[in-house]
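Undergrad: My questions all concern the structure below.
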Amino acid sequence: MKLSKIDLSSLRAIAHDEDGLKLLIEREDEIEYIEISAPVAAYEGLQLLDRIISSTPAIEPCEEPIEMLPACSSMAAQVGYDEEREILQIEFNNGSVYQYSAVEPELWEDLQSSDSVGSFYNQEIKGYYPSVKIE
């Protein structure tokens, strides 16, 4: 595998339609519009990359206690959510506790109704939301 350094700092917006990727790139004092033939997976990959990069800054843990509910899961012991602050808290079976910020109430509802907390966590939460370990 060959790694390449890529600077995406001038990329301002992306979209995708049946013809491929649409990009807005800032070049000095102008915005350039570029179309690239690409599958929707390329668009989804760029969106995921943006979420990962956006979540990089450390967040401060919430000091207020969050009411926790038991989780019937091989991965998590308890889960809780603070709707006012949009913080999801997960206590894993190994004892570590993480808080995830900017979690929409709908995601919390979906987590509660999911068949598998672990699968839902891996597909919808891990890597998508800023997090901090509190224990």
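What follows draws every value from the coordinates through simple rules; no lab data is involved. What you see is a predicted model, and the numbers here were worked out from it, not measured in a lab. Every residue, glycine among them, receives a Cβ derived from its backbone with ideal geometry; neighbour counts consider all protein chains shown.
Undergrad: Listed highest first by mean packing, meaning other Cβ atoms within 10 Å per residue, what order do 104-114, 30-40 come in?
TA: Working: 104-114: 13.3, 30-40: 10.9.
Taking the mean over residues of other Cβ atoms within 10 Å, the ranking is 104-114, 30-40.
Undergrad: How about the stretch 11-107: which trypsin sites (Lys or Arg not before Pro) there lie in a loop by DSSP and see at most 15 other Cβ atoms within 10 Å?
TA: Details: sites: Arg12, Lys22, Arg27, Arg51, Arg85; in loops: Arg85.
Qualifying residues, ordered by number: Arg85.
Undergrad: Moving to a separate point now. Between the stretch 69-90 and the stretch 25-53, what is the separation of their alpha carbon centroids in Å?
TA: Centre-to-centre distance over Cα atoms comes out at 34 Å.
Undergrad: Among Lys2, Lys126, what is the fewest-to-most ranking by other Cβ atoms within 10 Å?
TA: Values: Lys2 3, Lys126 14.
Fewest to most other Cβ atoms nearby, the residues stand as Lys2, Lys126.
Undergrad: If you build the convex hull over the alpha carbons only and average its shadow over all orientations, what do you get for the stretch 68-133? Give it in nm² to one decimal.
TA: Values: hull surface 15.6 nm².
Result: 3.9 nm².
Undergrad: Contour minus end-to-end for Glu32 and Glu135, with contour as 0.36 nm per residue of separation and end-to-end as the Cα-Cα distance?
TA: On the way: separation 103, 0.36 × 103 = 37.08 nm, distance 4.66 nm.
In short, 32.4 nm is gained.
Undergrad: For Ala38, list long-range residues whose amide hydrogen, built 1.01 Å from N in the peptide plane, is under 5 Å from its own amide hydrogen.
TA: Gly20, Leu21
Undergrad: Also, quick follow-up: Given Cα pairs under 8 Å that are at least 6 residues apart, what percent is the relative contact order of the chain?
TA: Working: 201 pairs, mean separation 24.9, N = 135.
About 18 percent, as a whole number.
Undergrad: Got a sec? Charge dipole of the chain, +1 on Cβ for Lys and Arg, -1 for Asp and Glu; which of Val103, Met68, Ser10 is way out at the positive end?
TA: Selected residue: Ser10.
Undergrad: Shifting gears a bit: Quick check: from the Cα gyration tensor, does the stretch 11-54 come out rounded (a/c under 1.5), prolate or oblate?
TA: Numbers: a/c = 3.37, a/b = 1.18, b/c = 2.86.
Taking the square roots of the gyration eigenvalues as a ≥ b ≥ c, the stretch 11-54 is oblate.
Undergrad: Another question, then. Apply the Karplus parameterisation 6.51 cos²θ - 1.76 cosθ + 1.60, with θ equal to phi minus 60°, to every residue of the stretch 116-125 and state each ³J(HN,Hα) to the nearest whole Hz, in sequence, with x for glycine and proline.
TA: So the J values, rounded to whole Hz, are 9, 4, x, 5, 4, 4, 5, 8, 10, 10.
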